[in-house]
Each structure stands twice: as C-alpha cells, then as structure tokens.
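These notes are about the structure you will find just below.
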Amino acid sequence: MRWIFYSLLVINLVYVGFQLVGSLSPESASLNLSEPRHADDERLQLLAERPQPRSGGETGVPSGSLCTVVGPWKNQERAEAGAVQLRAIGLSGSVRSLSVQKDRLNWVYLPPYAGRARALQVLRELQDHGIDSFVVKNGKDANAISLGYFSSAESAEGLRVKMRNAGYPAFVRETSRNVTEYWLYLSDSSVENNPDLKVFLEANQSLNVSKVSCP
C-alpha cells in the first residue's frame, strides 16, 4: 500500500508543476503587458506634457514693463495734435487721460458774490476782456470766480496785482486739486535718444518725456 501512496504523491507534484509553468507561459505574460493603463496615469501624463504659459500672460508682455510717454497736455485736442506731429516723424502712439492730484497750487480768485446773478454778471465782464475764468458752482467757494491755478507763486501774484489794478479784488490761496492730463503713450519704448523727438521737445517746453507703467 505504501507504493500506492508514493505514486499519488508524485502525480500530485507533477500536476502542481504543470500549473505553475502554465501561469508563466508567454501568452499569459503578453496578456498582462497588454492591459490598459489606469485613467489617472494617462491624465497625469497629459498634464505633464501640456505646455506651460509664459509669465507675461497671453500677450507675452513681461509684468512690470515700462512705456515711454510724452506730455502732459492740458486738453485732448492739443494732445491729439501733438500725436499727429510725432507720427509725422515716425513716432506713433495713443493718447490717454490721467487724473493727477496737484499739490501746492496757487489759486487766483475773486471771493464769493452774494448771489449767482451777480457772479455771472462779473464773469461776463471778465470774458469780454479776454480773461479766462469761471464761476465756482458748489462748496464753500460757491459763486466765487476762479481766475486760474498756477504752480508758480510769482505768476499767481502777477495776475493778482493785474486784476486789482483793473478794479477786481483778486486773492491768491494755496490749494490742491485733481487735474486731468493727457499723455501720449509711444509704441516704441526706446526713443528717448531720438533726435527728432528732442527737436519736438525743444519746440514745446511745457512737455517732457518719461517712463511709466504700461497700461
């Protein structure tokens, strides 16, 4: 009976060996290699291959860039006229308005009148003599007549004396106000040494060239 037991043991061992060899067959290995990758692995690979945006955004303009500007002009019409002159010498750009807080301005004015009718009457007299002026509409200086703002105290004093000699009791007061300026943003940011631009600035002493943050 012992030989029967050993015979069954040998048969079982041979059977187990065939099972192990079959699980490592080339066909089984090829099936394992052909299994699709997990969806997360594919998504991560695509993200890694995706091109990264430039630091300057879609426009490609580096952050903190500076633009060359010419100005300031007091009104848009003069700024546009200046832009036409500069365009003729090859310097193109766009006119933009800028609100600036002007400190330590010298305001020349006539004190508030008792009523608006009287203020308008004096305003007409001044304008008939070619004096640029306007009536203040609101605030503590309502019905006063503004004769102009000057950065130079000497210029303001000169106008005050002129108005008093003409019979108008003008005063000068230091103040500040928001002023709208117009600047020409040039397309070319490296034009400071342009000889034609220097000639233009020499002919327009109130203007200058500067660098500001690009809009």
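Throughout, read-outs are computed from the coordinates displayed, never taken from laboratory work. Since the structure is predicted, the reported quantities are computational estimates derived from the model, not experimental observations. Cβ placement follows ideal geometry from the backbone for every residue including glycine, while neighbour counts extend to all protein chains displayed.
Once you order the gyration tensor axes a ≥ b ≥ c over the Cα atoms, which shape class does the range 58-144 get: rounded for a/c under 1.5, otherwise prolate or oblate by comparing a/b with b/c? Working shown, then result.
Details: a/c = 3.94, a/b = 2.21, b/c = 1.78.
Since a/c reaches 1.5 and a/b is larger than b/c, the shape of the range 58-144 is classed as prolate.
Roughly speaking, what is the stretch gain from residue 154 to residue 137, that is 0.36 nm per residue apart minus the C-alpha to C-alpha distance, in nm to one decimal?
Numbers: separation 17, 0.36 × 17 = 6.12 nm, distance 2.73 nm.
Taking residue 154 through residue 137 to full extension adds about 3.4 nm, to one decimal.
How would you order 126-134, 176-184 from highest to lowest mean count of nearby Cβ atoms within 10 Å? Show your work: numbers first, answer last.
Working: 126-134: 12.4, 176-184: 15.3.
Highest-to-lowest ranking by the protection proxy: 176-184, 126-134.
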Problem set entry | Inter-site label distance for residue 187 and residue 213 at 7 Å from Cα along Cβ, in nm | 2.6
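Is the C-alpha gyration tensor of the range 102-206 telling us rounded, prolate or oblate? Criteria: a/c under 1.5 is rounded; beyond that, a/b larger than b/c is prolate, otherwise oblate. Each step should come with its number before you reach the end.
Values: a/c = 2.65, a/b = 2.27, b/c = 1.16.
Because a/c hits 1.5 or more and a/b exceeds b/c, the range 102-206 counts as prolate.
Does the range 98-164 come out rounded, prolate or oblate by the C-alpha gyration tensor, with a ≥ b ≥ c the root eigenvalues, rounded set by a/c under 1.5 and, if not, prolate when a/b is larger than b/c and oblate if not?
Values: a/c = 1.96, a/b = 1.31, b/c = 1.49.
Oblate is the answer for the range 98-164, as a/c is 1.5 or above yet b/c matches or exceeds a/b.
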